[in-house]
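For reference, the structure is listed below as structure tokens.
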Amino acid sequence: MATALRYLLFSSLLIVASPNKERGHGRVCDASSFSVANLSALAMQGQDKMWKANTTAALCLQQCCASSSCTAWNHHLSSIDETHHPGECWLSDAQTISAVPSLPVDVWVGGARVPVSCYGRPCATPITPCNGSNYTQCRDNLIKHVFNTTTGTLPSRSTPDYIEDWQNWSMHGLPGPGQGTGVGNVSWRMALKKLVWTIGKEGYGMREGMLRLNATVWYSRNTSGAAPSNSPPAGYGTPTGDSPHCPTKTFPGYDSYNQQSDTLVIHHNGHSPCSGSVPARKTNCTDCTPNYDTVQDWLNEVGYDVFEMAMPLHGCNRIVANTSCPLHCVDNPARGFDCNKCSNIGSDASLDGSHQWFEQFEEFGDDVMRYFLEPVILAINYAVNVLKYKHIIMIGLSGGGWTTTISAALDKRITLSIPIAGSVPKFASKLYTKWIPDLPEGSTQQQGTGGDFEQNMARPMYSACGWACLYVLAALEPDRTSLQMLHEHDSCCFATSGLHDGIAEYNSFVQGELVKEKGGWFQTAANWGNFHEVNYRDKTTIGTMIERLRRSRGIERYHFCDLPFDILHNGPSNLCN
């Protein structure tokens, strides 16, 4: 009976145990990760630690899987004396567990963690967390892990795989999303090009990935001399005064779109609302379009050239759910991956941008964060090496804000980064052990809750460099600046209401590290926004900071004392008083 009970309980662990991942190699930690030489008698050792009494065997295993230091576990099933270890769970950092019973009549179940083969390939080098002693090394480690390189250098490819000329693309009517509102008999050109890279290739400093995905960039130029007035003046026009004023070719600067600016702004608009469970979003929503949310046209109108991007599986990067595996998966026998094992995003032809799809590839050792970040690095290579831009600036909203922060941490060619509603340090790290909740989406206010697959603390990348580390790296060099912009009552995420003290605390830490490193500056600002968007206040601040950067002296720390609309005032105290 005891043997049957032990077998039944141990078998159930395969189903009940939480699939927490052993970081560094992608293997799922479950009952199969443990050797069990003798179920009937696994004894306690001196270095063992009791976790909690009155647990189930499955929960005991789950707790060991969740702990990086736990290498063995024991759960007490039965004893002739019911007061002797009833339901106790013991977690150990010992390498083995001796099969010597503590009492002859005890029955224990458990095991020691076994070496992991990583599916027939060498296991990844353990991740070294950034502790602040050498931030250059922290960046190198981050690059190695994101792009699976051995040198700590960024991907070097510069030229897009495809360049399509959209020179005839025109905006119509008053400024608005896509091609404008169409209101008014006016139009103006954006000198548009579509740049496409195939992501996941081997070479250029990277190992081959398990996927082939397209990354699309809409490239448009300064239209400040050709765009129309904001609205028709009263009584203007013929016959009813309902048409905005539009410059003609005789106006000075009209052909600005034919000339390249010295400043390129990478605008990353993140996720698309075309995803989700609402059917109308999938059937009546078009997100593969330039100027998706009006920001690209606004940046062009105020005088900047723009690369507009979206996240993988979103916008022009979207793939069809029920063909996601056969069209995009690449067999990789050396890494134990067979595309016959691949699960599609969904079972029907509806379009879905769920990033959870990437998890299966991560579990087989693919460094899936490359599919989010490689497009940005390749776009910068093209902008700097081919187009010869002087200033590279990156802004982004939501998932685009997340991408902006991490891209700036990876690539020091981004001299000004402005992530909008993209992150807070919502889980602790070795470098910064405090955290604040992601509200309102992380409404449980527990550490790490809220957000998407790529924001989950289980992603191995964060073991190398947590949020405070990423913020420092985004402004590590003396001529670089990162302005994190949030909204007091954001309708989605990273709202600042009630969290001002916690925000000031991590700002003080990051700024202190930058002072120590003689680096640039990081600061969080917030305005009274109550919607998840790049609002007018954000745009005013963005324009102000870009113009300060373009001046001969660039951005100085004292500029952070008077940020427009800022309600947090986390500027340098020695300069702002």
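The values are calculated or read from the model by the stated rules, or taken from the named source; none is laboratory data. Quick caveat, the model's predicted, so the values are computed rather than measured. Note: ideal-geometry Cβ built from the backbone for every residue, glycine included; neighbour counts use all protein chains shown. The protein model used for the area step is the full one, side chains on, heavy atoms only, and it has no ligands, DNA or RNA in it. Shrake-Rupley method; radii C 1.70, N 1.55, O 1.52, S 1.80 Å.
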When region 515-532 is checked residue by residue, the ones that are over 14 Å from T405 (Cβ atoms) and crowded, with 24+ Cβ neighbours inside 10 Å are A525, A526, G529
First in region 530-550 and more than 13 Å from G303 (Cα to Cα), second anywhere and assigned to a helix (DSSP H, G or I) and open to solvent by less than 80 Å² (accessible area, probe 1.4 Å), Cβ under 6 Å, 6 or more apart: V534/V295; R548/H559
Suppose we keep only residues that are in a loop (DSSP other than H, G, I, E, B), of a type in the set (A, V, I, L, M) and in contact with a Ser or Thr (Cβ under 9 Å, 6 or more places away or on another chain) within region 411-456. Which one would you say is farthest from F358 (Cα to Cα)? I414
Which of the following residues is open to solvent by 10 Å² or more (accessible area, probe 1.4 Å) and closer than 27 Å to T136 by Cα: T444, T433, T449? T433
Just one listed residue, out of A504, A464, is out of contact with any helix residue (DSSP H, G or I) (no Cβ under 6 Å at 6 or more places or on another chain) and not aromatic (F, W, Y), and it is A504
Of all residues in region 283-308, count the ones that are under 22 Å from the mean Cα position of the chain (by Cα) and open to solvent by 10 Å² or more (accessible area, probe 1.4 Å). 4
Give region 180-226 a look and list any residue that's among the aliphatic types (A, V, I, L, M) and open to solvent by 30 Å² or more (accessible area, probe 1.4 Å), or say none. V183
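Per-residue answers, yes or no, for (1) open to solvent by less than 40 Å² (accessible area, probe 1.4 Å); (2) modelled with pLDDT of 95 or more; (3) over 25 Å from W357 (Cα atoms):
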site	(1), (2), (3)
P122	no, no, no
T128	no, no, yes
P160	yes, yes, yes
I163	no, yes, yes
W169	yes, no, yes
G173	yes, no, yes
Conditions (1) surrounded by fewer than 24 Cβ atoms within 10 Å (Cβ to Cβ); (2) over 23 Å from I393 (Cβ atoms) -> E477 fails only (2)
Does region 184-202 hold any residues that are farther than 21 Å from A310 by Cα and touching a residue at least 40 places away in the same chain (Cβ under 8 Å), and which are they? G184, N185, V186, S187, W188, R189
